[in-house]
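Below is one structure, written out as C-alpha cells, with a few remarks after it.
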Amino acid sequence: MKPLSARALLLRSRGNSDSGKVSFIELFFDLIFVFAVTQLSHSFLENFTMAGAVELALITMAVWWVWIFTAWVINTLNPESKHVRVMLIVLMLIGLIMSSSIPKAFETAGLYFAVAYTLLQVGRTAYTIWVLRDGSQELRINFVRILSWLTLSGVFWIAGGIAEGETRLALWIIALVIEYVSPSLGFWTPRIGRTPTTVWNVEGSHMAERCGLFIIIALGESILVTGATFAKLEWSPVTLAAFAASFAGTAAMWWIYFDSTAKTGHHFIAHSSDPGRVARSAYTYTHLLLVAGIIVTAVADELLLAHPVGHIDAKTTAVILGGPALFLLGNVLFMRIVSGVYPAPYLFGLLALAVLSFASVFLNALILSGLASLVLIAASLWGSLFSERLCRVQTAPAAEQVNGTV
C-alpha cells in the first residue's frame with residue numbers, strides 16, 4: 001500500500017460539494033455511541049439517586065468528549081483514506097469496551113473504562129500525529145499540544161480507575177477539568193506555546209452535520225425507550241396519553257434543533273471570519289447540554305410510562321422538567337455564541353419550565369410531562385420564526401462585534 005504522503009490525500013478537501021459530506025465510515029463509527037447513550041440512560045434508571053446523577057453527568061461528559069474530539073480530527077483528515085478508516089475501526093473496538101463498562105464504571109469496571117477511554121483519546125491523537133508526518137507542520141504541532149494535555153488527563157483517569165469510591169470520583173473530575181479547560185487555553189504547552197484558533201480551518205457544514213447526527217443518536221434513544229416501555233404495558237387511555245406526551249416532547253426537541261438551532265449555526269459559522277473560534281465553543285461545549293438534556297428526558301419518559309398518575313416525587317419532577325431545561329439552555333448558549341443574540345423563544349421556555357416546577361406539587365407525572373411538552377412545542381414554533389428572521393437581518397461579522405470574544 002502506497003503511504004499517504006500527499007497533502008491532498010491526508011486532509012479533508014475544502015470548498016467543494018463533497019467537503020462537508022459525512023462518510024459511511026463515520027456513520028459506522030457512531031454506532032458505538034448509540035450503545036453508549038443507551039448505557040447511560042439505563043445506568044441512571046438503575047441508580048436513580050443524587051449519586052447516580054453525578055455519575056451520569058461525569059460519564060456523559062467523558063463520552064461526549066471522546067466523540068467530539070474524534071469529530072474534530074475527522075473534520076481535518078480525509079475519512080476516505082485507508083489510514084483514517086483503520087484508525088476509526090480500531091477506535092470502535094476500544095469504544096465498545098468503554099461503552100460496555102459504563103454501568104459498572106464506578107464499581108468493578110472502573111479500570112476498564114479508564115484504560116479504554118485513555119486509549120481512545122491518546123491513541124487517536126498519537127496516530128493523527130503520525131499520519132500528519134508529511135502534512136502540515138503547524139497542524140501536526142497542534143496535535144502534539146493536544147496529546148500532551150490528554151496524556152496528563154490520562155494519568156488521572158487511570159489512577160481513578162485503580163482507586164475506589166470518592167477518590168475515583170475526585171480523580172476523574174480532575175481529569176475532566178483538564179480536558180475541558182485545555183481547548184479554551186489553546187492547548188498551551190511549555191516551549192511550543194498555544195494554538196491560535198485560525199489553525200482550525202473548520203469545514204462548517206461537516207461539523208454541523210456530525211453534531212446533528214449525534215443529536216439524532218440521543219433522540220433515537222428517547223424513541224427506543226418510549227417504544228420499548230410502551231410495548232410492555234397494557235394499553236389504556238392513560239398509557240396512550242403518556243405515550244403521546246413522550247413522543248411530542250421528543251419531536252419538539254428535534255424541531256427546535258434541526259429547524260432552528262442547526263440552521264442558524266451553519267449560517268453564522270459559514271460567514272464567520274474565524275470559524276475555528278466560533279465552532280470550538282458552539283459545537284464542542286454547548287452540545288453537551290443538548291445531549292444531556294435528551295438523555296435525562298429519555299429517563300423521564302420511561303418513568304412517566306411506568307407511573308403516569310398518582311403522587312409524583314421530587315426526583316421524577318426533576319427529570320421531567322430538567323431534561324427539557326438542559327436542552328433549551330444548550331440551545332440558548334449555542335445561539336448566543338454563534339449569533340451574539342439571546343433567543344427569546346428558548347428563554348421564555350426556560351421561564352415556563354421554572355413556573356411549572358412550582359406548580360408540580362399539584363400535578364401528576366402525565367399532566368406535568370404534557371405541559372413540559374407543550375412548552376417545547378411552543379418554543380419550537382416560535383424558534384423557527386426567530387431563526388429565519390435572525391439569519392436574514394444579521395451576518396456573522398456583525399454578530400462577532402456584538403459578542404466580543406467567543
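Any read-out appearing in this document is the output of simple, stated calculations on the displayed coordinates, not a laboratory observation. Values in this document were obtained by computation on a predicted structure and should not be read as measured data. Cβ: placed from backbone, ideal geometry, glycine included. Neighbour counts: every protein chain shown.
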* With +1 on each Lys and Arg Cβ and -1 on each Asp and Glu Cβ, and nothing else charged, work out how big the dipole of the chain is about its Cα centre, in Debye to the nearest 20. => 1260
* Structure fact -> Hydrophobic long helices for the chain, i.e. whole DSSP H runs reaching 20 angstrom or more by Cα along the axis with Kyte-Doolittle mean at least -0.5, come out as 24-46, 50-76, 82-100, 137-162, 165-181, 204-232, 237-256, 286-306, 314-339, 344-359, 365-393
* Other-chain or far-sequence residues with amide H under 5 Å of T189's (modelled H) -> R194
* Ranked list, fewest to most other Cβ atoms within 10 Å of each Cβ, for R140, R210, R392 -> R392, R140, R210
* **26 Å Cα-Cα reach of K82 towards lysines, excluding residues that sit fewer than 8 places from it in its own chain** => K2, K21
* Asked: FRET efficiency for A378 and E46, Cβ-Cβ distance as r, R0 = 51 Å, nearest 0.05?
  -> 0.90
* Given region 7-199, what whole percent of its Cα pairs are spread farther than 24 Å? -> 41
* Asked: How many nm is it between the label spots at V355 and I162, if each spot is 7 Å from the Cα in line with the beta carbon?
  -> 5.6
* To do: Please work out whether region 290-392 counts as rounded, prolate or oblate from its C-alpha gyration tensor, where a ≥ b ≥ c are the square roots of the eigenvalues and a/c under 1.5 means rounded, while otherwise a/b larger than b/c means prolate and anything else oblate?
  => prolate
* Under 27 Å Cα-Cα from K104, which lysines qualify once same-chain neighbours fewer than 8 residues away are excluded? -> K232, K315
* Asked: Any idea which of F113, L381, F29 is furthest toward the positive side of the dipole for the chain, if Lys and Arg beta-carbons carry +1 and Asp and Glu beta-carbons -1?
  -> F29
* Structure fact -> Checked region 84-198 against the a/c 1.5 cut and the a/b vs b/c comparison, axes a ≥ b ≥ c from its Cα gyration tensor; verdict oblate
* Structure fact -> With the dipole of the chain defined by +1 on each Lys or Arg Cβ and -1 on each Asp or Glu Cβ, the option from M61, P308, S339 whose Cα lies farthest towards the positive pole is S339
* Ranked by how many other beta carbons lie within 10 Å on average, peptides 220-232, 257-269 from highest -> 257-269, 220-232
* To do: Would you pull out the residues with amide H under 5 Å of L77's amide H, same chain only if 5 or more places away, H placed 1.01 Å from N?
  => R12
* Mind running the shape call on region 204-403? Use the C-alpha gyration tensor, a ≥ b ≥ c as the square roots of the eigenvalues: rounded below 1.5 for a/c, prolate if a/b tops b/c, oblate otherwise. => prolate
